[in-house]
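First the structure, in the form of structure tokens, and then the observations on it.
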Amino acid sequence: MLSKPKHEYKPEINKLTDESVLIKPNLKGDWLNFFMLLLLYTMQGLPLGLSSAIPILLQSKKEISYQDQALFSLVIWPFSLKLLWAPLLDSLYFKKIGKRKSWLIPVQYLIGIILLYMGNSIDILLPEYGKPKVMVLVFIFFVTNFLAATQDIAVDGWALTMLKKNNVGYASTCNTSGQIIGVMFGAVFTILFTSEDFSNKYLRITTDIGGIVSLKYLLYIWGVLFMLITTMIAIFKTEKDNTQEDGYVKLNISKTYSLLWDIIKLPSIRILAMALLTARIGFAATDSISTLKLIDAGISKDAIMVINTAMYAVKMIIPLVIAKYTSGPKPLSLYLKVTPIRLLWNIVFIVLIYYTPGIINTNGAVNIPLYYYAIFIFILSIQEVLSYMMFVAILAFFSRISDPRFGGTYMTLLNTLSNLGFVWPSTVALQLIDLLTTKKCSVDSVLNDCSTIFLQDICKVNDGNCIVITNGYYVETIPCTIIGIAWYIYFRSILKNLQIRSPSHWLINVKKPVTENIEESYHLAEIE
């Protein structure tokens, strides 16, 4: 049993002063690191893009209920649970390989292997006809996102030391831009490049069967690329050793989990946690259900993805355009300015979805006029701009307040709180939509309420239609918006106060041994 050190002191954090966080950012000499982080976040975004494409593919098959969609939404939960294993990444590693690379390399290899496996099995899991194997898909994507979340922990921590201290605000730019590039590849290629209709209309000179590439071979390509890029990083990218820097503290596993609890106990963190866990309630219905409702109304998955492709370009540009606002000392000011506008934009989506069926249906056939696309693109563009301005601003704030000595754990805690604030309202919204929606069959309104896919099929067989009496989307969106407005009124002043607090409010005082014997005892926590 390790003895308690006789002489301990609280380290001086010389490099975490008020002045250091206010130095003007300058990427000169840091561009290679900037693009390296961009690449790593792009690789992280690819599984997320795949995860966002699958619900659209499922909904277009018309054999999936919102209960199935709620089940599949669980695949993004690893990004909200990564706090449970984040301390392991700060305490267990091979020193010769690097604190972050020790985890990054094997995790990315595993993602590549799973992508190759999915390529071999996707025709069975997601058949052209018949009900998809939803439970198996949930398991595979949950594991894939678990690995991607682990990669995120490593990259978030690495970003705090890979970039110069005055440039850490750019980590959020790399995060958002890189992730969205990866998401775009994962989502757009999955839906559009594998679509027969889209390929024949826009990508081929002569018509043919299937897309220009099958989902099977697309997954093979991504799997191979993951393996190759990871190998290049393992060989050519070295990790900076920050163990000699002022304030560095090496902790074993138990101490790291204890550190996590110490971070949570900080008064500023507890206040911020309350805000983050409730911040997205106001947007839950709009964010998670709007696209699925448009598909139900008759908008094709190809049309939605073409429009979303343009939105990805907007998402990539936004972090670069607003970088000067988010890399400064008050990134939350931008977040607070955008929030009320976005809450009001919920009403615009209600109007769009209400009038969509009447606009695009002519004598029972779907005929979408060009002006509808123009309206849809405008509404979605404003939504994406507002959403990503908020996202980049909050990530920049996280990078600014995180203690770089424990970057992986600290950033993961903050990102976990933010992700939880997104996923639990989304999952609840999807789960409740069927319960809040009431329907009746036009030819049998007494016995058939169209509450299941089986009853809907019976209604169609009898030449009837399922008529919506109460639309659960509206029932959810209006109270969500009201709750969001109440959240803004309550937390506006609180968040303004948090962002002007000095760095000392966010730092952890960790006792550090000064004798060589005690230093050797902590050395047991590190895998040599």
List the number of the failed condition for SER73; all other conditions in (1) small (Gly, Ala, Ser); (2) open to solvent by 10 Å² or more (accessible area, probe 1.4 Å); (3) more than 25 Å from GLY210 (Cα to Cα); (4) more than 23 Å from the chain's Cα centre (by Cα) hold.
(4)
Go through the range 39-78 residue by residue and tally those that are in a helix (DSSP H, G or I) and charged (D, E, K, R).
1
Only listed residue being over 30 Å from ILE401 (Cβ atoms), at pLDDT 95 or above and either open to solvent by 10 Å² or more (accessible area, probe 1.4 Å) or of a type in the set (Ser, Thr, Tyr) (or both), chosen from TYR129, TYR109
TYR109
Taking into account only those residues within the range 234-253 that are modelled with pLDDT of 80 or more and exposed (fewer than 14 other Cβ atoms within 10 Å of the Cβ), which is farthest from MET36 (Cα to Cα)?
ILE235
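Quick grid of which residues meet (1) open to solvent by 10 Å² or more (accessible area, probe 1.4 Å); (2) within 29 Å of ALA303 (Cα to Cα); (3) outside any loop (DSSP other than H, G, I, E, B):
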site	(1), (2), (3)
ALA374	yes, yes, yes
LEU380	yes, yes, yes
TYR388	yes, yes, yes
TRP424	yes, yes, yes
LEU432	yes, yes, yes
LEU447	yes, no, no
CYS450	no, yes, no
How many of the residues making up the range 190-221 are in contact (Cβ under 8 Å) with a residue 60 or more places away in the chain and under 15 Å from ILE304 (Cα atoms)?
6
Residues of the range 96-131 that turn out to be under 20 Å from ILE191 (Cβ atoms) and among the charged types (D, E, K, R), as a count:
3
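The values are calculated or read from the model by the stated rules, or taken from the named source; none is laboratory data. If you're wondering where the values come from, they're calculated on a predicted model, not measured in any experiment. Cβ atoms come from the backbone with ideal geometry, glycine included; neighbour counts cover every protein chain shown. Remember, those area values only see protein heavy atoms, side chains included, never the ligands or the DNA or RNA. Shrake-Rupley method; radii C 1.70, N 1.55, O 1.52, S 1.80 Å.
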